[in-house]
1. Pull up all non-local amide H partners of ASP201: gap of 5 or more, or a different chain, and H-to-H distance under 5 Å with H placed in the peptide plane.
2. Taking a ≥ b ≥ c as the square roots of the Cα gyration tensor eigenvalues, with a/c under 1.5 meaning rounded and otherwise prolate when a/b beats b/c, else oblate, which class fits the stretch 254-333?
3. Near the amide H of MET245, under 5 Å away, which other amide H atoms are found, from residues 5 or more places off or on another chain, if H is placed in the peptide plane?
Amino acid sequence: MALDQSALLELLGELKLTEVSDRIRVATETLYQELIDAEAAAFIGAAPYQRTEARTTQRNGSRMRTLTTTAGELDLRIPKLRTGSFFPSLLERRRRIDQALFAVVMEAYVHGVSTRKVDDLVKALGADTGISKSEVSRICADLDEDVAAFRDRPLSDQAYPYVFLDATYCKARVGRRVVSQAIVVAVGVAADGRREVLGFDVGDTESQPFWTEFLRSLKARGLGGVQLVISDAHTGLIAAIHTVMQGASWQRCRVHFMRNVLANVPKAAGSMVASIIRTIFAQPDREHVHAQFDEVVTMLTRSHPKIADMLEAARDDLLAFTAFPFPHWRQIWSTNPLERVNKEIKRRTDVVGTFPNPAALLRLAGHVLIEQHDEWDGADRRYFSEHSMALLLAEPEEVAIPELTAA
């Protein structure tokens with residue numbers, strides 16, 4: 001998409017008002033944006049506001065992406081599409097994770113906490129042992145600014161009916177000690193069916209005050225419309241959910257519950273008990289789920305009374321998903337979607353091992369999560385379709401039975 005004469009004159013006027021040192025950056029940013037827009041127009045089959053027979057989809061706003069170049073930081077707009085996804089060939093998808101990993105490793109090195117594994121990684125990344133502390137500080141400051149901007153972004157633009165909460169653990173130096181630090185993550189499913197990373201933090205423990213502060217920070221940024229929160233049964237987390245997320249139901253993760261069950265069953269009987277409990281979740285509708293739950297409790301009361309008591313005590317929390325549309329059940333009755341995110345965090349953080357401080361851990365985990373968020377945002381498929389999400393807003397009599405019982 002070539003700049004016409006009026007656009008060129010407008011750019012010229014802008015450059016005249018710009019400092020000499022910044023003119024190359026402005027001109028480069030304009031060139032990059034034009035190339036991105038031209039590639040998007042070719043991908044879509046039409047320019048903005050243009051109607052053509054070759055058009056395959058429509059634009060749906062844009063998302064910002066900062067590109068670091070020798071000309072400076074370029075703030076670029078990447079078009080979002082109603083269906084499908086587009087990512088400019090000029091940009092690299094996972095570049096910022098590598099930058100974050102590089103910064104963490106360098107910081108570990110200059111703080112004297114490196115190991116042979118870190119030393120080898122430093123050399124593999126092309127850096128000598130002579131990197132200065134000021135250079136590390138500069139790199140880290142830039143990365144921390146990206147993380148802070150993402151963590152502080154407003155969430156009030158739309159509702160998030162489903163929110164998943166979980167934590168994973170890594171080691172970091174606090175003072176002179178190496179301690180376990182919790183990386184807590186919140187992922188939401190928006191009203192349009194897309195997944196988003198809502199927030200994350202690093203703390204000393206999964207205590208109630210820590211979780212309460214974390215959830216309140218999400219609410220302060222505009223998180224609303226939450227109907228169901230899915231998590232494990234950590235005492236501090238449950239208390240925080242009841243305190244902050246009033247009006248929302250709580251779904252106890254069935255996978256975590258099953259682990260708790262198997263820890264109280266002889267190994268020889270584990271498979272049988274697990275199979276019996278899984279029949280609860282294999283039912284076609286709410287009534288059959290609750291009926292099967294009663295049958296399973298009765299059955300286990302005779303053979304494993306302790307497990308029957310555990311089930312009865314967790315009934316409301318385990319079956320909270322049944323109040324929501326049937327097509328959503330498999331994706332909302334556990335925290336499995338977050339388990340995959342946690343595995344990616346661990347895969348990256350395991351490279352470092354022990355982090356020099358909690359800030360370095362937040363920096364690397366944060367960039368992993370930002371990249372995951374961007375990947376979901378640009379994906380062809382949504383977590384739930386818009387039609388499926390509409391079932392949440394429909395009155396019960398408006399929802400046809402075939403929609404709820406479809407496989």
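Read the figures in this text as sums done on the coordinates, not as results from a lab. As the structure is a prediction and not an experimental result, all values here were calculated from the model.
1. VAL184
2. prolate
3. none
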